[in-house]
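Below: the structure, in structure tokens.
No lab work stands behind these numbers, since they all come straight from the coordinates. Nothing here was measured: the structure is a model prediction, and the numbers come from that model. Cβ coordinates were reconstructed from backbone atoms using ideal geometry, including for glycine residues, and neighbour counts include every protein chain displayed.
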Amino acid sequence: MIRAIVYDAVGTIMHVAPSVQAVYADVARRFGCAMDEAEIRRRFLSAFAEQDLLDCRSGWQTSEAREHDRWRAIVATVFPDIADADACFHTLFQAFASPDVWAFDPDWLPAAKAMHQRGLRQAVASNFDARLHALIAAMPGANFMERVVVSSEIGWRKPAAEFFTRLLDLLQLPPEEVVFVGDDRVNDFDAARRLGIAAVLLDPRKEHLELGHNRIEGFAELPSLFVI
């Protein structure tokens, strides 16, 4: 019997608006950089992948300090020639702490209400840092969330097994009573299932049709998966 549903945050219930590269470009212009958004996106994806590789090599361990250093390194790689790199980093770090640059999936709130009405416990669990608490608190439907579990605070990033083990400890539930919903096949879906947690992949681009009823293309489909 499913007793709790846990959502990933970025890419699942919340998205950068209008885009990461647009926010980076806006801040960069304040520091005299005119790099276009296409180049920013290319450099950002490369820098992000490089930091993920470092975290993988360390067994996906993390902390608030590591997340701070991670994002500082990404910004430095994207904008290597900005004169005041420290100020640019801090401006960007604070920008992503603001609800103003985030949009929440409009279909998620009706789904969360339906889950609540069926008596399911709900939580958010994400690879993020302490900034996530205020962002979730500001979102519609925050009152439905029993917990916000953040990788930097528990010491492990997805897809580490320890991330999901700690999540289960905090919920005080066995894996067979929890469903994890996320948009990443490796970090969310496969990682949760390895721990015996049921998983649903948010797959709006229809890239994983082989998952059958274990995937949804939007949150409007979610309530139909649960018969309480």
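Can you tell me the orientation of helix 20-30 relative to the chain, as the angle in degrees between its alpha-carbon axis and the longest Cα principal axis, to the nearest 10?
Once rounded, the angle reads 30 degrees.
If amide hydrogens are placed 1.01 Å from N in the peptide plane, which non-local residues have theirs closer than 5 Å to the one on residue 216?
201, 202, 203
For helix 85-95, report the angle its Cα long axis makes with the longest principal axis of the Cα atoms of the chain; keep it between 0 and 90° and round to the nearest 10°.
In the chain, helix 85-95 runs at an angle near 30 degrees to the longest axis.
By how many degrees, 0 to 90 and rounded to 10, does the Cα axis of helix 64-78 deviate from the longest principal axis of the chain?
That works out to roughly 50 degrees.
Listed highest first by mean packing, meaning other Cβ atoms within 10 Å per residue, what order do 102-109, 188-195 come in?
Numbers: 102-109: 16.8, 188-195: 20.2.
Final packing ranking: 188-195, 102-109.
I need the peptides 122-129, 93-100 ranked by packing, meaning the mean over residues of other C-beta atoms within 10 angstrom, with the highest value on top.
Values: 122-129: 23.5, 93-100: 14.4.
Top of the packing list down: 122-129, 93-100.
Report the paramagnetic label zone for residue 46: residues of the stretch 56-90 whose backbone N is under 15 Å from a point 7 Å from Cα along the Cα-to-Cβ axis.
Taking a point 7 Å out along Cα→Cβ of residue 46, the residues of the stretch 56-90 whose backbone N falls under 15 Å are 74-81.
Could you compute the FRET efficiency for residue 109 and residue 186, with r as their C-beta to C-beta distance and R0 at 22 Å, rounded to 0.05?
Numbers: r = 27 Å, r/R0 = 1.24.
After rounding, the FRET efficiency stands at 0.20.
Run the simple label-point estimate for residue 95 and residue 206 please: 7 Å along Cα→C-beta, distance reported in nm.
3.5 nm
Give the Debye-formula value of log10 I(q)/I(0) at each listed q (0.25 Å⁻¹), with one equal scatterer per alpha carbon of the stretch 16-100, two decimals each.
Once normalised to I(0) and log-transformed, intensities are -1.33.
Calculate the spin-label point distance for residue 29 paired with residue 138, positioning each point 7 Å from the Cα along the beta-carbon direction, and give it in nanometres.
Placing both labels 7 Å beyond Cα along the Cβ direction yields 2.1 nm.
In 5 Å bins starting at 0, how do the alpha-carbon pair distances of the chain split up by percent?
All Cα pairs considered, the percentages come to 1, 6, 14, 18, 19, 17, 12, 7, 4, 2, 0, 0.
Over the chain, what relative contact order in percent results from Cα pairs under 8 Å that are six or more residues apart?
On the way: 347 pairs, mean separation 56.7, N = 228.
Value for the chain: 25 percent.
Could you grab the Rg to Rh ratio for the stretch 116-194? Cα atoms only, Kirkwood for Rh. Mind showing how you got there, number by number?
Numbers: Rg = 12.3 Å, Rh = 13.1 Å.
Using Cα coordinates only, the ratio equals 0.94.
Report the gain in length on full extension from residue 56 to residue 19: 0.36 nm times residue separation, minus Cα-Cα distance, nm rounded to one decimal. Intermediate values should be presented prior to the final figure.
Working: separation 37, 0.36 × 37 = 13.32 nm, distance 2.58 nm.
My answer for the length gained is 10.7 nm.
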